[in-house]
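What follows draws every value from the coordinates through simple rules; no lab data is involved. Small disclaimer: the values here were computed from a predicted structure and weren't measured. Cβ: placed from backbone, ideal geometry, glycine included. Neighbour counts: every protein chain shown.
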Amino acid sequence: MSISAAKKFENFTAWFDDLLLKARIADNRFPVKGFLVYMENGAFMLDKIRELLERELERAGHKKMYFPLVTSEEVFSKEAEHIKGFLKEVFVIDQGPGEQRLIVRPTSETIMYPMFKLWIRSHADLPLKVYQSVNVYRRETKATRALYRVREIPWNEAHTVHENASEAEKQVREAMEIYRRVLEKLGISYMTLKRPDFDKFAGAVYSIAFDAWNPDGKVNQVATVHNLGRNFARAYGLEFEKKDGSRGVPYQTCYGFGFSRVLAAVIAQHGDDHGLVLPPVIAPTQVVIIPIPFKGQEKKIYEYSAKVRDLVASKWRTVLDDREDVTPGEKFYHWELLGTPVRLEIGPKEVVESSVTLARRDTLERSKVSLEELPGKVDEVMKSIESNLLEKSRRMMMSLVSDAKTLDEVKKILRQRRIARIEWCNETACAEKLKEEVGGEIRGERYDIAEKPTGKCIVCGKPAKSVVYVSRAY
Ligand SMILES: [Zn+2]
């Protein structure tokens, strides 16, 4: 049985906003623009996503630290490109007359690197790999959107320092791999795109982004990885003694992972007309047991349900929904809305047969399972849900991309809420003209595979220098 997700494709915004509130993920009615309240299910899932990522970072040798929320205007302004890129969107704290204004972090290069300068003396101190999971703040001027475009951004940022360029390059690949593993666990599919120069991180040599697909056709940048070269190191005076005794300027990378955007991708990519469909690893409740009472046999059914709960609760986050004033049908509806991966139904028949009826949320398929087989079967279904979500999402990602040879074709593809692949001359003027004409932007060229241009720039007709992807974006 396949599930229709008609509502989310027809009117994504209404579907998404409705779900955020009904599934108790977030409440967007806080009276300050761009600031969001995360309710119990949203907060739980953000924490789980954070744990998944931090485990991978730790495994790869990153050390967790916490840096201050603020820096001074003077320190913030040291890297010229960086300040140009961020100055318009930082929040400032006015300390009162005679005191310097403080800048609230929009990201933490300018806060961490003065400290790195104190800590790094010689090659023995390298590589330095540091991360923190904190909120950063950006004064978004565009319309804000819950989880996607907010002014208080829950994220993880990692910052590394290396002896030479090739070590930094290697670090970029390690970061890509860390993010790939976490996103895969969540069943999220995306394209990894090297951003065009005009759109790279302010102060970086180059930037690679993870653009996840979204039902409304606007891609959702969930993570970015930047090779900083020595731009920041020079600006902040980082130096170290090399093995041969000479002095050198180190190379840096940094990478950020947006927890609320990743959560948005989980909801948007997997959800259907019944509500959330959650990957087991972050689901607040993984197994729900619903007794279906039958006159005269209530006690037997509840006792049996408690026994079933004890069988699975040691391994999976399990709830026995034994509310007596709610019908089983209403309970099905409720737990489907919440995206609970596995539901176990128990009526008089199951008690007699010593079995349960198992329903999986992703396909809504139901099957009978004997009590002895139950623990193994639940494990198997959870694994199957995880891989099924990823496969389905990947198929969707692939089906969204089409080649375009003219601007009209690009327009048509974007109108269909899809992504266009074009050839481009790498000139900013052409990128600007394209954006103006079609309403979408050049997101960059594939990082994971090499795509060579064979024809002409879709805008000016001169020989193309790259194959790039065009879409609307959050
Ligand atoms: Zn051109």
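Take every pair of alpha-carbon atoms less than 8 Å apart whose residues are at least six positions apart; their mean separation over the length of the chain yields a relative contact order of 15 percent.
D by Stokes-Einstein for the range 285-381, Kirkwood Rh over Cα pairs, 20 °C, 1.002 mPa s: 163 µm²/s. Seen from a random direction on average, the alpha-carbon convex hull of the range 401-473 projects onto 4.3 square nanometres. Normalised by the number of residues in the range 285-381, the mean separation of alpha-carbon contacts (under 8 Å, six or more apart) gives a relative contact order of 31 percent.
Centre-to-centre separation between the Cα atoms of the range 415-474 and those of the range 285-350: 52 Å. Seen from residue 467, the other residues with C-beta closer than 14 Å to its C-beta sum to a net charge of +3, counting Lys and Arg as +1 and Asp and Glu as -1.
In percent, rounded to a whole number, the relative contact order of the range 401-473 is 39, using alpha-carbon pairs under 8 Å and six or more apart. Packing around the peptides 251-259, 81-89, taken as the average count of other Cβ atoms within 10 Å per residue, puts them in this order, highest first: 251-259, 81-89. Shown for 410, 37, 312: other C-beta atoms within 10 Å of each C-beta, ranked fewest to most, produce the order 37, 312, 410.
Counted by Cβ distance under 10 Å from residue 64, the other residues give a net charge of -1, where Lys and Arg count +1 and Asp and Glu count -1.
Here the scattering of the chain is modelled by Debye summation over its C-alpha atoms, one equal scatterer each and no solvent; at q = 0.07, 0.11, 0.14 Å⁻¹ the log10 of I(q)/I(0) is -0.44, -0.97, -1.34. Peptides 261-268, 27-34, 367-374 ranked from most to least packed, by the mean per-residue count of other Cβ atoms within 10 Å: 261-268, 367-374, 27-34.
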